[in-house]
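FYI, it's all coordinate maths here, none of it is from the lab. Only a predicted model underlies this, so the values are computations on that prediction, with no experimental measurement involved. Cβ sites come from the backbone with ideal geometry, for glycine too, and all protein chains shown count toward neighbours.
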Amino acid sequence: MIQRVKITDSAIAVIDTLKEKHGKLMFHQSGGCCDGSSPMCFEKGELMINETDVWLGNIHGCDFYMSSDQFEYWKHTQLTVDVVEGRGASFSLEIPMGIRFVIKSRIYSESEMNELSPVHSGETI
């Protein structure tokens, strides 16, 4: 199966640092205000997930969710979570570190579309 969401080594290092301070983490990409479509990292359970959210997978021990309306735009792309220098304008946990998580994406090939990992409603996870 082809993963819908991946992560870079740089982002893994940041997650490790955040886990030491905050414990279990989760990601959500809403496409809303603040940093727009930047992925946001929260303490697990800090953001309420419901049937309007889609679970895309798990990156380095963290569940990754996206709002269902945003998923309709992104369902043809593989997402890779990375990190860049610069302070974002969100409530994501990495912001005080002077960095922020970003998404890099690529469109799946036709053959890959048939091998994608399944998604789930946020309430079923």
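At a glance:
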{"quantity": "Cα point-scatterer Debye curve for the stretch 64-125, base-10 log of I(q)/I(0) at q = 0.15, 0.26 Å⁻¹", "calculated": "-0.62, -1.13"}
{"quantity": "Electrostatic dipole magnitude of the chain [Cβ: Lys, Arg +1; Asp, Glu -1; Cα centre; debye, to 20]", "calculated": "260"}
{"quantity": "Size-normalised alpha-carbon gyration radius of the chain, reference 2.2 N^0.38 Å", "calculated": "1.00"}
{"quantity": "Estimated FRET transfer efficiency when R0 is 25 angstrom, pair residue 69-residue 48 (beta carbons, to 0.05)", "calculated": "0.90"}
{"quantity": "Nearest-ten-degree value, helix 9-22 long axis tilted from longest Cα axis of the chain", "calculated": "60"}
{"quantity": "Antiparallel bridge percentage (DSSP; both residues within the chain; nearest 5)", "calculated": "70"}
